[in-house]
Structures are given as structure tokens and as C-alpha cells.
1. Hey, fewest Cβ within 10 Å first, where do 40, 108 land in order?
2. Hey, for a label at residue 74 modelled as a point 7 Å past Cα toward Cβ, could you say which residues of region 1-23 have their backbone N under 14 Å away?
3. Can you give the local net charge around residue 25? Use residues other than it whose beta-carbon is closer than 15 angstrom to its beta-carbon, Lys and Arg +1, Asp and Glu -1.
4. On average over all directions, what projected area in square nanometres does the chain have, based on the convex hull of its Cα atoms?
5. To the nearest 20 Debye, how big is the dipole of region 25-97 about its Cα centre, given +1 on the beta carbon of each Lys and Arg and -1 on that of each Asp and Glu?
6. What net charge do the residues around residue 118 carry, taking every other residue with its C-beta under 12 Å from that of residue 118, with Lys and Arg at +1 and Asp and Glu at -1?
7. In region 2-135, with Lys and Arg counted as +1 and Asp and Glu as -1 at Cβ, which of these residues, 100, 42, 111, has the Cα nearest the positive end of the dipole, that is, farthest along it?
8. Treat every Asp and Glu Cβ in the chain as -1 and every Lys and Arg Cβ as +1, leave all other atoms uncharged, and give the resulting dipole magnitude about the Cα centre to the nearest 20 debye.
Amino acid sequence: MRRMLVDTNVILDVVLKRVPFHTFSQMVWDAVQLNIINGCLTSSSLTDIYYIIRKKLKPDEARQTLRDILSDFELIHIDKKAALRALDSAAADIEDAMQYQTAIANKCEAIITRNVKDFPKETITIFTPEEFVRSS
């Protein structure tokens, strides 16, 4: 099964039903639930997601949303070497550099994000949700 890092913005599109992004992002999540891909999230994404959704959902709903995410997605972690590679990179966005290096360190073959411009395309493939859906 293809192992792919799903970026924070894709999960938030689904949870918060953000228009016009919700449809293709939901299709990505569906692919994870159907075991078409092994969807991975970084541990920092999980905390970022909670920080954002707690402002829009009741506390118990936000916690249940995290449980739902954890039931579908594999949680992956960044190690010190990957973090240092991110800090040493030319990337302007350190958060995305950390995501990228975490994906590489955890042997993901692609990243699915709406923010493709901030990711290098050197080592692994970068898809928007729509590009991923159309390529599958």
C-alpha cells in the first residue's frame, strides 16, 4: 500500500468542511479509510489540528475528531536528524520543511497538500488533493 503524508490543511478541509476544498480532501480521507493508501500524519499536525478546531467545535467534539483521525491515520514522528535537515534547508516555511523531512524519514512516497508551492519536489512527489484523486 502506498504510504503518503497527508498535510494538516487537507484534514482541516474535511473536518471544517471548507469550501471549495472539502470535496477532494474528503476523497483523500476516503482513500485512507478504504485502505487504498496508508495515510500518515505528523504528531505536530495532530496538535495543530486540535488548536484550530477547538475554536470551532465543542471540546468533546474536538476530542472525538482527534480520535476519528487517529483511527484512520498513522501518526509519524520527526527525528533529530530530519529536524536538523529541515532547519538547514533553504525552505522559507520551517513547518513545511519539517513535514517534508518527516515524510522522507518515514519512507512516505508522497505528500498530499494544498500548499504545494512550499514543498520541494526533489525526493518525493507532492500532490494537491485533486491531483492525487485524478492520478489514482
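1. Values: 40 22, 108 25.
Ordered from fewest to most neighbouring Cβ atoms within 10 Å, 40, 108 come out as 40, 108.
2. The answer is 1-6, whose backbone nitrogens lie closer than 14 Å to the label point.
3. On the way: positive: 17, 18, 114, 134; negative: 7, 13, 30, 68, 72, 130, 131.
Net charge around residue 25: -3.
4. Values: hull surface 31.6 nm².
Result: a mean projected hull area of 7.9 nm².
5. Values: 9 positive and 12 negative charges, 56 e Å.
It comes to approximately 260 debye.
6. Values: positive: 114, 117, 121; negative: 7, 93, 95, 96.
Net local charge, residue 118 excluded: -1.
7. Result: 42, furthest along the dipole toward the positive end.
8. Numbers: 18 positive and 19 negative charges, 42 e Å.
Taking the Cα centre of the chain as origin, the dipole is about 200 debye.
Since every read-out is calculated from the coordinates, none of them should be taken as a lab result. Keep in mind the model is a prediction, meaning the values are calculated, not measured. Because the Cβ atoms are built from the backbone with ideal geometry, glycine has one as well, and the counts that use them run over all protein chains shown.
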